[in-house]
Structures are given as structure tokens and as C-alpha cells.
Amino acid sequence: MHSTDAAPRDPHDAAHSHRAPDDAPPNAPGERAPPTAPDLSFPFQTTDVLRTGMTNEYREVSKSGVVPAATAFYRAPSRLAREPTLDKEKQRRLAHVNLVVFKPDDPEDPRTWANWYRWVITGLVAFSVVCVAFGSAVITGDFQDLQGEFHIGEVVAALTVSLMVCGFALGPAIWGPCSELFGRRPIWIISFWLYTIMNILCALAPNIGALLAGRFLCGLFASSALVIAGGTISDLWDNNERGFAIALFAAAPYGGPVLGPIVGGFVGENIGWRWIIWVNMIFAGVVSACLSFMPETFAPVILRRRARKLREETGHDNYATEQELFPRPFSDLLPIMLLMSLYIAMIYGLLYAFFFAFPVVFGEGYGWNNGLVGLSFCPILIGVALALFVTPRLEGRYAAQAARKGGRADPEDRLPGMMLGAPFIPISLFIFAWTSPPVVLPGPGTWVGPCMAGIPFGFGMTALYFAANAYLIDTFSASVASALSAKTLVRSGAGAAMPLFITAMFHRLGNQWAGTLLAFLSVAILPIPYVFYFYGARIRAGSKLAAAA
């Protein structure tokens with residue numbers, strides 16, 4: 001890009017076009033965030049930000065639609081990033097380059113769209129995550145018929161859940177970078193229609209091998225929602241606007257699996273396990289049809305297309321986006337592992353443990369049918385709803401902290417939600433263990449104890465997941481997409497492993513000691529959010545990819 005025919009530009013245009021501080025309280029509508037605010041709508045996975053620095057290109061507006069590239073870069077928030085202003089060769093290369101940005105009130109800028117329209121898209125995105133999570137657990141509603149038809153044992157039947165969750169673990173490594181290269185819209189549409197089609201393979205499976213293969217492919221294609229839903233929400237909303245939207249996204253991976261056994265139990269009880277898959281296919285098909293009308297929301301892709309059009313129309317090659325100037329080698333796109341992911345993985349694994357513990361306690365202990373066993377998951381949904389009521393208040397507390405610290409809070413200020421939610425996990429497990437048969441013998445009303453244990457569990461897991469997600473985004477802001485992919489990988493691995501041994505563990509140890517063992521595991525990891533809260537700055541200082549302490 002060496003053309004000297006740069007387009008006319010207003011040197012003062014960009015100076016007054018930054019969005020309002022993301023971590024500060026909202027000021028005026030349409031204001032934009034400063035460069036220091038981490039943003040999922042930046043193409044972190046496909047741009048070499050550690051080598052080149054970063055720009056505010058995707059959040060900036062200019063009347064001319066371009067800004068000078070030579071002065072637009074700033075240091076990435078990582079201890080490994082080089083100071084861009086010291087790179088003389090890069091400055092010479094960018095001397096005549098214009099970065100393409102949005103114009104004021106640009107109709108293609110997702111953050112200028114009407115609020116009602118953005119909420120419709122946000123609702124659809126959250127609903128798609130519910131659909132995916134629902135599909136992972138719905139088949140648990142009728143394991144008996146499945147085992148009888150294919151003459152398999154409990155562990156092989158549990159693989160129908162585990163293999164789909166394994167797909168959740170592997171898929172994000174593909175869908176994350178692809179969504180940054182090709183845009184959110186094509187990934188949403190292609191992956192969800194393939195997910196719908198794979199359900200047909202499962203419903204018509206002539207043997208257990210075909211069913212297991214189909215379930216793995218379902219997880220692989222459906223996992224796109226788990227990795228790009230958060231990015232789509234960030235495309236639409238600034239950080240100071242997106243508190244409740246992210247809370248919906250945080251609740252969906254946990255609310256969806258709880259709905260699965262409820263629906264699957266009644267469907268399997270009345271018309272068989274294959275119709276459970278058909279119902280899931282219909283659900284996926286409806287979501288796929290809605291996603292087909294999803295607009296493109298990823299700013300780097302929108303601006304890259306605009307830059308390409310400007311080059312074609314003007315004949316000048318000095319229009320570009322940062323993603324085009326500094327592409328990241330594909331070999332660098334592997335996700336990083338984060339310590340916080342282990343905590344989230346444990347909690348997610350406990351959720352899937354419930355899917356197999358509840359049939360033992362309520363099905364075998366109380367003699368309930370599959371439909372009633374499914375209803376026993378409803379208290380978890382109540383807990384999730386309570387957490388959705390609390391999380392916006394946690395966001396308000398975070399905004400107040402940011403205001404007290406001059407407009408930018410520390411990542412550790414995201415952790416009170418984890419500190420609030422973490423104790424509820426062991427509490428719920430102890431209640432579940434010691435109010436179940438045979439300690440409390442089956443009788444009228446005795447089911448209330450183990451059933452109501454789901455309320456603190458649903459509240460705790462949603463509150464801490466919301467806070468942990470925000471903490472990872474703020475801490476690894478220069479590699480946030482990789483951080484979230486790593487979190488999904490570890491979390492899904494735990495979710496896939498739990499179904500393989502939980503039923504046998506409850507049978508051999510008994511309801512009390514199996515539940516108590518899980519409770520003690522959750523007690524062992526309980527200090528993690530408190531340790532990060534008090535010593536997080538010191539821990540981040542020892543991480544090369546974390547934001548500087």
C-alpha cells in the first residue's frame with residue numbers, strides 16, 4: 001500500500017469521535033468507548049495485536065469515513081506488546097494508509113441501530129444458546145428405551161450426552177477464527193442448519209454407532225453459538241450498555257440443559273426416545289430459520305468490505321482495515337489455557353452431574369416417571385431467574401467502582417459476583433445429599449428437600465459464570481477470543497466427563513456420600529474467586545498475555 005493519493009481527511013475528525021468510557025456510567029446516547037476498553041467485537045484472534053498494537057478503528061466515527069493509520073495505533077494491553085510508536089518501519093509503511101471507520105450515525109454500524117432491533121437480535125442470540133444447551137441434555141429424558149432398543153448399558157447411553165459436549169469443546173477453535181474472517185452471519189447460518197440436519201441423522205440412527213457419531217457432529221456444529229454469541233452481543237452494545245444482555249448470555253448455557261430433561265422426560269415417556277430427537281430438530285430448525293434473517297454485526301468484516309469497495313471505486317490501494325494490514329498467522333490461533341477456566345469447568349461439570357443424579361434420587365428413590373423427574377429440574381431455573389435479577393445490580397456496583405477509580409476499574413472488580421455465587425454451590429449439594437433417600441425416607445412432601453436444592457445451585461452457577469466471563473474479558477483483553485475459547489474447551493471437557501461415572505458413583509457410594517463428595521469438591525475450589533480478588537493483580541503480573549497489573 002504505497003499510493004500517495006490519500007483521500008481527503010479531516011485531521012480533527014477522529015479526535016472527538018471516541019465512544020464514552022465503557023467502564024464509566026453512561027453519559028449521552030451514541031457516545032463511544034476509549035481505546036483502553038476491552039471489546040469482543042475486535043478481531044483478536046485474526047489480528048496480530050501483540051506485534052502491531054491496536055486501534056480504535058471499529059469503535060471510532062469520522063465524517064469522512066477514514067482516519068490516518070499512522071497515528072491511530074496504541075499499545076495493546078499486554079506485557080508482551082511492543083510500543084507501536086517505537087516501530088519506525090511500521091510508521092513509514094502506514095504513512096499514506098487510511099483506516100476505514102464508521103461515519104456518524106452510520107446505518108451499517110450495529111451500535112447505532114434502534115434499541116428494539118438490537119434487543120430482538122440479542123434475544124435471538126441468547127435463544128440460540130438455549131437451543132444448543134437444550135439439545136445436549138434433552139436425550140436424558142428416555143435412556144431406558146434407548147438402552148433397550150440398542151442393548152447397551154448406562155455408560156454407553158451416557159456417551160450420547162458426553163460426545164455432544166465433546167463437540168462443544170472442539171468446535172470453538174474452528175468457529176471463533178472463522179467468524180472473524182468471514183463474519184458472524186455466515187457462521188450462524190451455516191453451522192445451525194448443519195446442526196439441524198445432524199439431528200435427522202440421530203433420529204433415524206439404525207445403531208448406536210450412528211447415533212453417537214451424529215451426536216458428536218451435533219455438538220461440533222452447534223458449538224458456534226457458544227463462542228460467537230457473546231461476540232455478537234458485544235457487536236451490538238457498548239460495555240456500559242450490555243450488562244443485562246451479557247447476563248442473558250451467561251444464563252443460557254445453564255438454563256438450556258435444565259429445560260432438556262423436562263421436555264425430554266415427557267416426550268420420551270409418551271412417544272419414545274426418537275421423538276425426543278425430532279423435537280430437538282424442530283427446535284433447531286426454528287432457530288436456524290430465524291438466524292437466516294440475522295444481519296452482519298461484526299464491525300471488522302463490515303469495514304473490510306467497505307475498504308475493498310473503496311479500493312475498487314477509487315483505484316487507490318491505501319484504504320484498509322487493521323485486520324488486513326496485520327493478519328495473524330493461522331498457527332497462532334490456538335486458544336490459551338486459563339486457570340479461571342478450571343473453576344468454571346467444575347461448576348459446569350456439576351450441572352451435568354445433576355442430570356444423572358436426579359434420575360437416581362427421584363426415579364429410583366421416589367419411583368417417579370421420566371416426566372416427573374424432568375420437572376425436578378425446575379428449581380434450578382428458579383435459581384437462574386433469581387441470578388438474572390441480581391446480575392444487573394452487580395453491574396451497577398462495577399460501574400460505581402469504575403467511577404471511583406477515574407473511569408476504569410480493575411478486572412478484580414468483576415469478581416464480587418463470583419464471591420457471592422460460589423458458596424451457594426456446596427450449600428446446594430449438601431442439601432441435596434442429606435435430604436435424599438435413604439436418610440430421609442420417601443413419603444408425602446419429603447421430595448421437597450432434594451428438589452429445592454436446585455434453587456441455590458441455579459443461582460450460584462449463573463452469578464459466578466457471569467462474573468467469571470467478565471473477569472476473563474477484562475484480564476485477557478488482548479487475546480479475549482482465545483481466552484473464551486479456552487474456557488469453553490475446558491468447561492465442555494468437564495461436562496462431557498461427568499455423565500460417564502455419576503450414575504455408577506451414586507449407585508456405589510449411595511446418594512448421601514456421592515453428593516457429599518461433590519460438595520467437598522466444590523468446597524475445595526471455593527477460595528479461588530477470593531484469591532483472585534485479593535491477589536489478582538499479582539497473579540496477572542506473572543502472566544505474559546494478561547493485561548498489565
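The values are calculated or read from the model by the stated rules, or taken from the named source; none is laboratory data. Because the structure is predicted, anything quoted here is derived from the model rather than measured. For neighbour counting, all protein chains shown are included, and Cβ atoms are generated from backbone atoms with ideal geometry for every residue, glycine included. Please note that ligands, DNA and RNA were not included when accessible areas were found on the heavy atoms of the full protein model with its side chains. Shrake-Rupley method; radii C 1.70, N 1.55, O 1.52, S 1.80 Å.
Counting only the backbone N, which residues of the range 510-529 are under 17 Å from the spot 7 Å out from the Cα of residue 446 toward its beta-carbon?
510-513
At R0 = 22 Å, how high is the FRET efficiency between residue 244 and residue 290 if r is their beta carbon distance? Nearest 0.05 is fine.
Plugging the Cβ-Cβ distance into 1/(1 + (r/R0)^6) gives 0.60.
Suppose R0 equals 60 Å; then what is the FRET efficiency for residue 525 and residue 64 from their Cβ-Cβ distance, rounded to the nearest 0.05?
FRET efficiency, residue 525 to residue 64: 0.70.
Taking 2.2 N^0.38 Å as the expected size of a compact globular protein, what ratio does the Cα radius of gyration of the range 357-418 give against it, to two decimals?
Dividing the Cα radius of gyration by 2.2 N^0.38 Å gives 1.86.
Given points 7 Å out from each Cα along the Cα-Cβ axis, report the residue 312 to residue 439 separation in nanometres with one decimal.
The answer from the label model is 6.9 nm.
Expressed in nm to one decimal, what extension gain is obtained for the pair residue 375 and residue 119 from 0.36 nm per residue of sequence separation less their Cα-Cα distance?
Gain in length upon complete extension: 89.2 nm.
Between residue 513 and residue 48, what is 0.36 nm times their sequence separation minus the Cα-Cα distance? Round to one decimal in nm.
Difference between extended and current length: 162.4 nm.
Given a Förster radius of 25 Å and the C-beta distance between residue 389 and residue 504 as r, what FRET efficiency does 1/(1 + (r/R0)^6) yield to the nearest 0.05?
0.10
Accessible surface of residue 308 in the full protein assembly, 1.4 angstrom probe, to the nearest 10 Å²?
Spelled out: residue 308, probe radius 1.4 Å, area about 100 Å².
For the range 97-113, what does the Karplus curve 6.51 cos²θ - 1.76 cosθ + 1.60, with θ = phi - 60°, yield as ³J(HN,Hα) per residue in whole Hz, taken in order and with x for Gly and Pro?
9, 10, 7, 7, 10, 6, 8, x, 6, 5, x, 8, 7, x, 7, 9, 5
Assuming 0.36 nm per residue, please report the length gained on full extension of the stretch residue 537 to residue 156 beyond their Cα-Cα distance.
Between residue 537 and residue 156, full extension yields 132.7 nm more.
Heavy atoms only, probe 1.4 angstrom, no DNA, RNA or ligands counted: give me 241, 312, 324 ranked by accessible area, highest first.
Solvent-accessible surface, decreasing: 312, 241, 324.
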